[in-house]
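Heads up, the thing below is written out as structure tokens.
All of the numbers you see were taken from the coordinates with simple rules; none came from a lab. Just so you know, these numbers come straight off a predicted model, no measurement behind them. Reconstructed Cβ throughout: ideal geometry from the backbone, glycine too, with neighbour counts over all protein chains shown.
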Amino acid sequence: MALIDFRDETAGYGGTAILEGITLRIEPGEKVAVVGESGAGKSTLLRLAYERCRNGAALVPQELGLVQSLTVFHNVYMGRLHRHSTWRNLRNLVRPAPAEVREVGAVLSQLRLEDKLFAAVGELSGGQQQRTAVGRALYHPGEILIADEPVSAVDEHQAREILETMNGEKRTVVLAMHDRALAIAFADRLVGLRNGRIVLDEPAAGMKPDDLDHLYRPAG
Amino acid sequence: MASLREASPLARTTLAFVAVALVCALFADLAVTTVNPYQELVRLLAGVVTPDFYATDNLGSALAYTLAFALLGVAFGNVLGFGLALLFFSRIVRTGCAFVRAIHELFWALIFLQIFGLSPLTGILAIGIPYAGIIAKVYAEILEEADPAPLRAVPLGSGLISTFLFARLPDAWAHFRTYSMYRLECGLRSSAVLGFVGLPTLGFHLESSFSQGRYSEVSALLILFYVVIASMRLWMRKPLLPVWLVAAAAILPWGLTVSAANMLRFFTHDIVPYPLRAPGGDTLAALGDWLHLMLFEQALPGAAATIQLTMVALVATGVLTMFFFPLVSPLLLGRWARGAGHVFLVVVRSTPEYILAFVLLQLWGPSMLPAIVALSLHNGAIIGHLIGRFTETVKLRPDASRGIDRYVYEVSPRIYRPMMALLFYRWEVILRETAILGILGIATLGFYVDSAFADLRFDRALFLILITAMLNICVDAISRAIRARLRLQTTLKHR
């Protein structure tokens with residue numbers, strides 16, 4: 001059964017449509033990259049996808065959604081807030097349990113962030129904050145990952161490492177990416193948006209960044 | 001011919017308030033009635049420079065009780081206020097909080113004195129109850145203004161409590177802590193003032209030292225009080241909080257028994273309007289007479305004087321602020337002058353307005369003058385400090401004018417809106433303080449409340465307190481409407 005099945009969907013904020021006539025099916029196991037210029041509707045499409053995954057997708061929103069005054073450990077732990085009892089959550093808030101510290105530490109070492117385990121997120125650099133948000137999504141037990149520009153604040157080498165980890169850890173991955181080369185390298189299917197409509201939906205294999213030019217060229 | 005320029009809404013509002021204040025001042029009694037006020041002032045100043053820390057054995061205990069009531073009262077208000085902030089979506093809770101904070105802690109103390117006598121509960125609840133109302137509102141606003149992004153990133157199906165604890169509370173917590181420190185400073189002032197109605201805090205000793213003209217003792221008491229407030233950030237540390245709370249609870253005299261019968265009588269008998277519980281006769285007519293007397297001979301004259309004094313004090317506060325903020329503004333004064341300015345403003349704003357008014361009343365005799373001066377000095381120092389701090393963030397171009405030109409052209413226009421926002425925010429606070437100054441003998445509502453308590457007519461006292469609370473809620477609503485219309489905003493930090 002498809003994880004996401006949009007048929008002629010329209011979405012937007014307060015009456016103005018941002019997405020129009022969207023028809024999109026995503027099956028388990030797919031690695032999809034949504035591409036397009038800023039304002040094309042990538043974030044809205046991802047938000048819609050997240051809302052429809054009722055059985056719980058892991059999410060990396062563009063604004064990250066981190067709690068600035070909590071530590072990296074706590075922010076990553078929040079990925080499993082729904083799996084634990086309130087008491088256990090409370091206990092981990094006040095004094096992190098060794099078992100959870102080990103698990104979170106393992107996630108963070110994949111992201112080369114293990115030395116910041118107990119640093120407050122507010123004191124981290126932009127790239128470290130982004131990796132914390134990715135860590136939270138990886139720690140989330142869901143099989144589907146929806147990530148909006150998850151590597152925009154890290155260098156390319158690190159971006160490749162992170163995307164590889166994401167592809168390895170999660171069965172289905174839906175990304176929004178502005179970097180065309182990375183999108184082609186790490187997705188097996190590209191969905192191109194322009195002015196709120198899907199204008200491209202093809203396998204990524206064999207594509208070159210220049211093939212996506214028409215998504216970005218000025219209209220007319 | 002039409003004028004070249006329409007006055008801005010803010011300027012028109014300012015002019016209207018100044019006009020109202022001038023009319024109020026015209027009818028106000030501003031006489032100095034003491035025979036030789038300046039001789040007394042000289043004696044007072046002599047006392048100020050010769051503090052005597054050994055004059056009384058009670059200095060230590062007065063300070064300890066002041067701290068204990070403040071700590072326990074603010075802690076109680078904090079816990080209750082936090083709980084209420086979580087329920088602030090409920091209209092009943094919001095209204096209830098507005099009501100309890102509209103009644104000044106001294107009025108609460110007068111009420112609780114009848115119920116619990118001199119038991120520590122009186123002081124703790126007198127501070128804790130109105131503070132809970134204030135804290136609930138501020139905490140609810142902090143929670144509301146918190147970043148909503150973490151909430152959206154919480155996994156579906158996380159419990160309500162876990163979500164709140166992880167995604168909402170942590171970022172608000174830092175604001176709660178800062179605000180609690182500010183509240184504790186207010187609590188120390190409130191606690192000191194509770195001495196004037198009989199609790200064993202600083203105010204109690206201040207009043208007796210004053211009435212006997214022992215100004216060196218007064219000076220010592222006040223200096224200790226300033227030191228406690230100024231050093232708050234040194235001794236108020238998180239790990240020490242439980243120690244202070246336990247110590248505070250331990251030193252208070254809990255032995256005094258509270259009579260349940262007394263309590264019951266207060267609620268079921270004492271506060272019921274007299275005609276309703278008086279035997280026989282025409283109850284309805286008697287109640288009419290009672291209401292007539294209360295309204296026309298007490299509530300209305302009291303309310304009129306309260307409003308009159310409030311308006312004059314509010315505008316005087318604004319005028320003083322314009323003089324006070326340059327004292328601490330890096331745009332206008334050099335480092336050394338600013339240092340002196342800071343000391344001056346700290347002393348003036350740390351002195352509870354009630355104590356300032358009390359001092360001035362001793363010097364000048366009973367009229368509205370001491371109250372106006374005390375209220376505008378205290379509030380002008382508070383707002384002046386905040387505005388001075390605000391000017392630290394203002395960047396002037398390198399070739400900006402200097403001196404008076406700079407004050408008039410560069411600085412004043414920039415600070416005017418935030419200053420007006422703070423003044424309107426403070427309006428309701430000034431009203432509450434004005435009412436309470438009645439206890440010192442100025443004929444505001446507090447005067448009638450105090451007299452009613454002195455005559456043991458609790459029904460009258462409570463009726464007048466309710467009138468005072470309603471007046472407060474009205475002024476708060478008007479202030480909010482004006483702030484909304486003029487788009488005046490205060491940031492969280494400046495509450």
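Could you please find all residues in segment A:56-65 being facing another protein chain (nearest Cβ under 9 Å) and touching a residue at least 12 places away in the same chain (Cβ under 8 Å)? Of everything in segment A:56-65, those that are facing another protein chain (nearest Cβ under 9 Å) and touching a residue at least 12 places away in the same chain (Cβ under 8 Å) turn out to be A:Gly56, A:Ala57, A:Ala58, A:Leu59, A:Val60, A:Pro61, A:Leu64, A:Gly65.
Note on segment A:66-117: among residues that are away from every other protein chain (no Cβ under 14 Å) and either among the β-branched types (Val, Ile, Thr) or not in a helix (DSSP H, G or I) (or both), the one that is surrounded by the fewest Cβ atoms within 10 Å (Cβ to Cβ) is A:Ala97. If the condition is being surrounded by fewer than 20 Cβ atoms within 10 Å (Cβ to Cβ), basic (Lys, Arg) and within 26 Å of A:Leu81 (Cα to Cα), then segment A:140-190 contributes only A:Arg171. When B:Glu145, B:Glu185 are checked against the criterion of being under 26 Å from B:Ala469 (Cβ atoms) and either surrounded by fewer than 23 Cβ atoms within 10 Å (Cβ to Cβ) or within 14 Å of chain A (Cβ to nearest Cβ) (or both), B:Glu185 stands alone in meeting it. The set of residues from segment A:34-49 being within 13 Å of another protein chain (Cβ to nearest Cβ) and farther than 14 Å from B:Ala149 by Cβ comprises just one member, A:Leu46. Of the set (1) buried (at least 20 other Cβ atoms within 10 Å of the Cβ); (2) within 25 Å of the chain's Cα centre (by Cα), all apply to B:Val411 but (2). Being in contact (Cβ under 8 Å) with a residue 24 or more places away in the chain and either part of a helix (DSSP H, G or I) or not acidic (Asp, Glu) (or both) is a property that B:Ala340 lacks. Among the residues of segment A:25-56, the ones that are touching a Lys or Arg at 6+ places or on another chain (Cβ under 9 Å) and of a type in the set (A, V, I, L, M) come to 6 in all. For B:Ala167, all conditions in the list (1) crowded, with 23+ Cβ neighbours inside 10 Å; (2) farther than 30 Å from B:Thr66 by Cα; (3) more than 7 Å from chain A (Cβ to nearest Cβ) hold save one; what is the number of the exception? Just one mismatch for B:Ala167, condition (3). Are any residues in segment B:129-162 among the basic types (Lys, Arg) and under 36 Å from the mean Cα position of the chain (by Cα), and if so, which ones? Once the filter is applied, which keeps residues that are among the basic types (Lys, Arg) and under 36 Å from the mean Cα position of the chain (by Cα), segment B:129-162 yields only B:Lys137. Taking segment B:444-461 as the range and being surrounded by 22 or more Cβ atoms within 10 Å (Cβ to Cβ) and either of a type in the set (A, V, I, L, M) or touching a Phe, Trp or Tyr at 6+ places or on another chain (Cβ under 6 Å) (or both) as the test, the residues that pass are B:Leu445, B:Val449, B:Ala461.
In the set B:Ala136, B:Ala140, B:Ala153, only one residue is within 14 Å of chain A (Cβ to nearest Cβ) and closer than 26 Å to B:Phe164 by Cβ; that residue is B:Ala153.
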